[in-house]
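A.B. asks: If you scroll down you'll find the structure; I have some questions about it.
The values are calculated or read from the model by the stated rules, or taken from the named source; none is laboratory data. In this text the structure is predicted, and so the values were computed from the model without any measurement. Heads up, the Cβs are rebuilt from the backbone with ideal geometry, glycines too, and the neighbour counts pull from every protein chain shown. Please note that ligands, DNA and RNA were not included when accessible areas were found on the heavy atoms of the full protein model with its side chains. Shrake-Rupley method; radii C 1.70, N 1.55, O 1.52, S 1.80 Å.
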Amino acid sequence: MTREEKSIAIEDLTAQLAGTNIIYVSDISGLNAETTSNLRRACFKAGIKLEVVKNTLLAKAMEASANDYGDLPSVLTGNSAIFISDVANAPGKIIKDFRKKSGKPVLKGAYINSEIYIGDDQLDALATIKSKEELLGELIGLLQSPAQRIISALQNKFAGSEEEAEA
């Protein structure tokens, strides 16, 4: 890879990093072609971009980015792949699902909305993070619940007074 190709690759990675707040870094080495293809297919269906990257290029792209990746570049050893998503827990769920079959991919780290997660032991926590849509749904449900109770109580009160008036 020439210097020019490297600088273009770094610019592309920097642009990808700038366009998202959710990045998982994992090791997918050791996966056979069929399993890798299945992983890519599952990522595509979930709206996740999976890309195998060179560690030095990704580290330079992280350095050039406006985001603060903290210690995340320190996990860039061996083979690395990045999962880029709009939903915080989607890559975690896919990684967890695939590990049931082969023990890979191994999570190296993640960057989610300015928070840094380092190590494979963070996978369970990352897979259970609620998405923005899930949180909004819960919030709306919580806000509707007291109003529904009041309306129900008022309806019962009026229904009871109408029955008394008829008797």
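A.B. asks: Give the residues of the range 93-129 that are small (Gly, Ala, Ser) and in contact with a Pro (Cβ under 8 Å, 6 or more places away or on another chain), sorted by residue number.
C.D. replies: Narrowing the range 93-129 to residues small (Gly, Ala, Ser): 102-103, 109-110, 114, 119, 125, 127.
Matches in the range 93-129: ALA110 only.
A.B. asks: Of all residues in the range 61-92, which are open to solvent by 70 Å² or more (accessible area, probe 1.4 Å) and without any contact (Cβ under 8 Å) to a residue 40 or more places away in the chain?
C.D. replies: Passing the criteria: GLU63, THR77.
A.B. asks: Going through LEU58, LEU50, LEU31, LEU39 one at a time, which residue ends up being open to solvent by less than 50 Å² (accessible area, probe 1.4 Å), modelled with pLDDT under 85 and not basic (Lys, Arg)? Show your work before the answer.
C.D. replies: Numbers: LEU58 fails: modelled with pLDDT under 85; LEU50 fails: modelled with pLDDT under 85; LEU39 fails: modelled with pLDDT under 85.
After applying the criteria, what remains is LEU31.
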